[in-house]
Amino acid sequence: MNRMLLSLGTATLMAISVANASAKDKQSETFLKKAIEGNFAEVSMGELAQQNGQSDAVKSFGRMLSTDHAAANQKALNAAEGLGMSPPGGPNAKQKAEYDKMSKMFGAGFDRMFATHMVADHQKDIAEYKKASKSKDAAGEYASGQIDTLQKHLDTAKSLKAGN
């Protein structure tokens with residue numbers, strides 16, 4: 001009887017462990033999907049800033065975004081491959097709509113809206129990346145390695161928004 005209870009207890013613990021691992025995998029996959037979509041969106045927004053921005057600072061920030069997020073996306077795609085997931089091929093519908101809206105703006109108006117958008121976007125991203133960085137898998141490693149770059153982007157965006 002004790003062996004049967006012990007066996008049932010072990011089986012239950014194994015089932016819980018598998019369920020927890022599966023939930024963590026799902027969280028990592030969800031994070032990476034959003035991160036990859038976000039990287040695609042940031043590369044596009046960076047290119048748009050170089051085209052539609054007025055100030056040299058906005059154009060320079062656009063170059064930084066495009067370069068940094070293209071490199072980050074390669075790492076995110078590698079992490080996704082490591083988890084055996086199928087990554088998205090571009091930004092999501094909301095990000096595309098934001099791009100379309102901003103693509104109709106130029107000059108100083110574009111610069112202001114771009115800076116405001118980048119502050120909000122990077123604040124949200126940093127919070128998500130910090131949460132994901134606690135995961136002990138490829139997604140967590142990727143997230144941990146990107147936080148400093150995202151913080152640099154946020155600081156730059158805040159400076160642009162302040163008009164510096």
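The values are calculated or read from the model by the stated rules, or taken from the named source; none is laboratory data. In this text the structure is predicted, and so the values were computed from the model without any measurement. Note: ideal-geometry Cβ built from the backbone for every residue, glycine included; neighbour counts use all protein chains shown.
Candidates are the residues of region 60-78 that are of a type in the set (A, V, I, L, M) and crowded, with 19+ Cβ neighbours inside 10 Å; the one that is farthest from LYS136 (Cα to Cα) is LEU65. For region 108-158, a residue qualifies if it is among the polar types (S, T, N, Q), touching a residue at least 40 places away in the same chain (Cβ under 8 Å) and surrounded by fewer than 18 Cβ atoms within 10 Å (Cβ to Cβ), and the qualifying residues are THR116, THR149. I'm checking my understanding of the structure. Among residues of region 43-54 that are free of Cβ contacts under 8 Å to residues at least 40 places away in the same chain and more than 17 Å from SER159 (Cβ to Cβ), which one is surrounded by the fewest Cβ atoms within 10 Å (Cβ to Cβ)? Within region 43-54, the match that is surrounded by the fewest Cβ atoms within 10 Å (Cβ to Cβ) is GLN51. In this structure, ALA57 does not qualify as exposed (fewer than 14 other Cβ atoms within 10 Å of the Cβ), among the small types (Gly, Ala, Ser) and at pLDDT 95 or above.
Here ASP68, ASP100 are screened, and the one residue that is acidic (Asp, Glu), closer than 23 Å to LYS158 by Cβ and modelled with pLDDT of 95 or more is ASP68. With respect to (1) among the acidic types (Asp, Glu); (2) closer than 21 Å to THR30 by Cβ; (3) touching an Asp or Glu at 6+ places or on another chain (Cβ under 9 Å), the lone exception for GLU81 is condition (3). Kindly provide the set of residues from region 79-93 that are at pLDDT below 95 and surrounded by fewer than 14 Cβ atoms within 10 Å (Cβ to Cβ), ordered by number. Selection gives GLU81, GLY84, SER86.
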